[in-house]
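Trainee: I am attaching a structure below and will ask some questions about it afterwards.
Read-outs: derived from the displayed coordinates by stated rules, not from any lab. These numbers were taken from a predicted model, which means no experiment stands behind them. Backbone-built Cβ (ideal geometry, glycine too); neighbour counts: all protein chains shown.
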Amino acid sequence: LRLYKDGKYEEALEKFESVLGSKPEINESSIASYNVACCYSKLDRIQAGISALEDALKAGYEDFKRIRTDPDLENLRKTEEFNVLLNKYDESFINENAINAIKSLFGFNKK
């Protein structure tokens, strides 16, 4: 993380990817993939960042609030792929939309 915090994203990326190459536990894998996504975002390598973020989500990363607000993912958040990916994995977001749709069907959203 030191390399990342120092703005050495390419070097940090190599370290995070080496963690992934060592077949870490699933929790470590999700965090390492998330960090890889952050590196790619900072390097403006959008498709690679989206792919790494999807790997993190597949590995169980579930801090959707952080994903939606982390400044390190800003470049990824500007893309349609980001929204599609998060909508696919963030069940609370999906459920909230479903609840709002049901409420509107039954007139609960009317004032």
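Trainee: Show me the ranking of peptides 25-33, 77-85 by mean Cβ neighbours inside 10 Å, starting with the highest.
Mentor: 25-33, 77-85
Trainee: Mean residue ellipticity at 222 nm from the helices of the chain, using -39,500 (n - 2.57) per DSSP H segment of n ≥ 4 over the full residue count, to the nearest 500 deg cm²/dmol?
Mentor: So the calculated ellipticity at 222 nm is -22000 deg cm²/dmol.
Trainee: Taking Rh as the Kirkwood radius computed over C-alpha pairs, what is the Stokes-Einstein D of the chain at 10 °C in a medium of viscosity 1.306 mPa s, expressed in µm² per second?
Mentor: Estimated diffusion coefficient is 106 µm²/s.
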